[in-house]
Amino acid sequence: MATKKQETKKEEVVEEPTQPPLNLQQRVNKIMGKINYVKKDKSINFGKGNGFSVTGHDAVTKLIHPYLVEYGINIIPTMEMVVQSGNRSRVHMSFKWVNIDDPNDFFTTQAQADGVDNQDKGIGKAWSIAQRYTVLKTFHLETGEKDIEEYE
């Protein structure tokens, strides 16, 4: 019994060259190329006209979060030590910055901060300050009192 060969057309597949995934330092650099400023959005007053403007934790988080997701970076905080004295809490923290595509690609930053509160919020305030400054300093973000649109 004879068999009949059936010819089929092969589709030509053209493979585009792929870029290797970015390492963590390259991802951080890409984010730095996209943002460089965050507005001071809060005031801290001590009465009698004494005070200063700050960039709040939420403003920094709102700015950076979409870029951390887009570029696949996790920031994992670890509290190393807490010291409390009266209404002051001091935290020593480390922040592990991890490339989600290669968890062995990471670096760690460390920060300490004080939080002052007459109730039980001092540790949380200190944690927020430490994380805010870690992000601001890692990405070399300028802070000021102008709107971003005015800055650009």
Inset, instruction - With the full set of protein chains in place, find how many percent of the accessible area of the chain is carbon and sulfur; take the probe as 1.4 Å. - result: 48
Legend entry - Neighbourhood charge, 9 Å Cβ-Cβ cut-off, centred on Asp114 and excluding it, Lys, Arg +1 and Asp, Glu -1: +3
Inset, instruction - Largest first and in whole Å, give the semi-axes of the stretch 54-127's equivalent ellipsoid, each being the square root of 5 times a Cα gyration tensor eigenvalue. - result: 27, 16, 7
Inset, instruction - Name the long-range amide H neighbours of Phe107: under 5 Å, sequence gap of 5 or more, or other chain; modelled H, no Pro or chain starts. - result: Trp97
Legend entry - Estimated dipole of the chain in Debye, rounded to 20 [Cβ of Lys and Arg +1, of Asp and Glu -1, Cα centre]: 380
Inset, instruction - Please turn the phi angles of the stretch 52-62 into ³J(HN,Hα) values with the Karplus equation 6.51 cos²θ - 1.76 cosθ + 1.60 (θ = phi - 60°), one per residue in order, whole Hz, x for glycine and proline. - result: 7, 9, 9, 9, x, 4, 5, 5, 5, 4, 4
Inset, instruction - Enter the angle in degrees (range 0 to 90, nearest 10) between the Cα long axis of helix 122-138 and the first principal axis of the Cα atoms of the chain, meaning the one along which they spread out most. - result: 50
Inset, instruction - Could you work out the local net charge near Ser53, counting Lys and Arg as +1, Asp and Glu as -1, over the other residues with Cβ closer than 9 Å to its Cβ? - result: 0
Legend entry - the chain - percent relative contact order, Cα under 8 Å, separation 6 or more: 23
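The values are calculated or read from the model by the stated rules, or taken from the named source; none is laboratory data. Keep in mind that this is a model prediction, so the values were computed, not measured. Heads up, the Cβs are rebuilt from the backbone with ideal geometry, glycines too, and the neighbour counts pull from every protein chain shown. Just so you know, the surface numbers come from the protein's heavy atoms only, side chains and all, with ligands and any DNA or RNA stripped out. Shrake-Rupley method; radii C 1.70, N 1.55, O 1.52, S 1.80 Å.
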